[in-house]
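Here is the structure we will look at.
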Amino acid sequence: MVELAGMKKINYAGIFKKIDDIPDLRIELENIFDRKNHQEMAKYSLLLGQHILKITNTKPCREILEGFAINKKWQNGETGKGFAKFQVARNAAGKLLDLARDEKDPIKEKVYRVMAQIVNIPHVKNHALWASDYAVKLINTMYPNNLAEVKKEREIQIKLLKSV
């Protein structure tokens, strides 16, 4: 995060070519994120994942269920230390990214990308923030040029994050 003359510059990952967003709400989400620890972000991400499955009417496939289980195991200290936790999460996220690359439905493709970020949280806390951004990309796809829906999504994310 970079601060310029009292204004925060949004720190989107380089994975986004374009994202229609509400900058003030993204900054609010990031400010809350900064006060949360890694484990709290893992908990938030699972709430976000359930929310995304619900709004897209997506039944979780084996890879999503496996990824959620890895996230929960990591939260409980069951996936090992150091490289092992990274590798387990990375492998599971890779399966979801493979599904995303092969998916023809743009909504389902974005669902898989959100889920891959959620699964990768044991690796880096920032994956939770990136999952939130992918969720906004999903909303952009579901509701093109509709900032009211983006606002609604960011407000839900803020509420979920505050709840952990």
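Report every pair of residues separated by at least 6 positions or lying on different chains whose Cβ atoms are under 7 Å apart, first residue within the stretch 41-63 and more than 21 Å from Met142 (Cα to Cα), second among the hydrophobic types (A, V, I, L, M, F, W, C) and in a loop (DSSP other than H, G, I, E, B).
Met41/Ile121; Ala42/Ile121; Lys43/Val164; Tyr44/Val164
Please enumerate the residues belonging to the stretch 132-164 that are farther than 26 Å from Gln39 by Cα, assigned to a loop (DSSP other than H, G, I, E, B) and in contact (Cβ under 8 Å) with a residue 12 or more places away in the chain.
Scanning the stretch 132-164 gives a single hit, Asn145.
Here's the yes/no breakdown for (1) in contact with a Ser or Thr (Cβ under 9 Å, 6 or more places away or on another chain); (2) at pLDDT below 95:
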{"residue": "Ile32", "(1), (2)": "no, no"}
{"residue": "His38", "(1), (2)": "no, yes"}
{"residue": "Ser45", "(1), (2)": "yes, no"}
{"residue": "Leu48", "(1), (2)": "yes, no"}
{"residue": "His51", "(1), (2)": "no, no"}
{"residue": "Lys54", "(1), (2)": "no, no"}
{"residue": "Asn57", "(1), (2)": "no, no"}
{"residue": "Ala69", "(1), (2)": "no, yes"}
{"residue": "Lys72", "(1), (2)": "no, yes"}
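Only residues that are surrounded by 24 or more Cβ atoms within 10 Å (Cβ to Cβ) and either without any contact (Cβ under 8 Å) to a residue 12 or more places away in the chain or over 11 Å from Met41 (Cα atoms) (or both): list them for the stretch 114-131, please.
Val114, Met115, Ala116, Gln117, Val119, Asn120
So if I check each of Asn91, Asn140, which one is surrounded by fewer than 17 Cβ atoms within 10 Å (Cβ to Cβ) and over 13 Å from the mean Cα position of the chain (by Cα)?
Step by step, each of Asn91, Asn140 is checked, and only Asn91 is surrounded by fewer than 17 Cβ atoms within 10 Å (Cβ to Cβ) and over 13 Å from the mean Cα position of the chain (by Cα).
Just one of the numbered conditions (1) in a helix (DSSP H, G or I); (2) farther than 22 Å from Met142 by Cβ; (3) without any contact (Cβ under 8 Å) to a residue 24 or more places away in the chain is not true of Ala92; which one?
So Ala92 meets the others, but not (3).
Residue under question is Tyr134, and the condition is that it be touching a helix residue (DSSP H, G or I) at 6+ places or on another chain (Cβ under 8 Å), more than 22 Å from Lys72 (Cα to Cα), aromatic (Phe, Trp, Tyr) and modelled with pLDDT of 90 or more; does it hold?
no
The values are calculated or read from the model by the stated rules, or taken from the named source; none is laboratory data. A quick note: this is a predicted structure, and the numbers were derived from the prediction, not measured. A quick note on method: Cβ atoms are made from the backbone with ideal geometry, for glycine too, and the neighbour counts reach across all protein chains shown.
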